[in-house]
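Comments concern the structure below.
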Amino acid sequence: MKKAKPNTQRTTNLVITRTFEAPAELVWEAWTNPEAFKKWWGPEGYSCPHCEIDLRVGGNFLACMRSPEGKDFWSTGTYKEIKPKQKLVCTDSFADEQGNVVPASHYGMADFPMKLLMSITFDQINSKTRMTLRHQGFPEVEMLDQARDGWNQSFDKLAQSLKPVA
């Protein structure tokens, strides 16, 4: 009997903590309400023309991130844990516009895991919210750095979307 080769590919986790000038209820809504989500999803210059959220354990999300050049990148995931205004855990995968998981090569990108895991926690601190994103399973440091940049730009947009309208 042949021994199976061990998986020697190392994975890296991304952790980003941001504090927003908004109550946890509003930051939670930004992640769980499709219309609120569309206001901030994607790095600077990107838009989110489509978002579906079936917020229940076993439910899915499907979101489209559109580049400034008009190229669409779809992502999907399945909710694994939901604690309202406290914690969201879900898978994260590239997808086609029907929500089918596709490899990164579908978008002309290098080898990438078919599924990552995301955990987002929300901690109310007085009138502010400390949010921590844990995105697990990146295969290379370079991809991790690109993801960090993209998330931070998205979170800058999230901060703007949470500001009261004057």
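What follows draws every value from the coordinates through simple rules; no lab data is involved. Source: prediction; values computed, not measured. We place every Cβ from the backbone using ideal geometry, glycine too, and count neighbours over all the protein chains shown.
Details
- Charge context of residue 95, other residues only, Cβ under 12 angstrom, K/R +1, D/E -1: -4
- Selected from 70, 108, 59 as most flexible by GNM, with the chain as the system and alpha-carbon contacts under 10 Å: 108
- Above 13 Å, the calculated P(r) of the range 85-131 contains 65 percent of its Cα-Cα pairs.
- Mean ellipticity per residue at 222 nm, deg cm²/dmol - from DSSP H runs of n ≥ 4 across the chain, formula -39500 (n - 2.57): -6500 deg cm²/dmol
- The range 122-154-the range 36-72 distance, computed between alpha-carbon centres (Å): 16 Å
- Over the range 25-88, volume per residue of the alpha carbon convex hull, in Å³: 72 Å³
- Nearest 10 degrees, 0 to 90: helix 141-162 Cα axis against the chain principal axis: 20 degrees
- Classified by the C-alpha gyration tensor, the range 99-166 has a prolate form. Its axis ratio a/c, with a ≥ b ≥ c, is 1.5 or above, and a/b is larger than b/c.
- For the range 40-166, the Kirkwood estimate of the hydrodynamic radius, built from every pair of different alpha carbons, is 15.6 Å.
- Each of 15, 165, 101, 27 was scored by other Cβ atoms within 10 Å of its Cβ. Listed from fewest to most, they are 165, 15, 101, 27.
- Among the listed pairs 87/163; 39/80; 85/163, those with a Cα-Cα distance over 20 Å are 87/163; 39/80.
- The GluC sites (Glu not before Pro) of the range 67-166 that DSSP puts in a loop, and whose beta carbon has at most 11 other beta carbons within 10 Å, are 69, 97.
- Net +/- balance of residues flanking residue 47 in space, Cβ distance below 9 Å, scoring K and R +1, D and E -1: +2
- Relative contact order of the range 12-51: 23 percent, from C-alpha pairs under 8 Å at least 6 residues apart in sequence.
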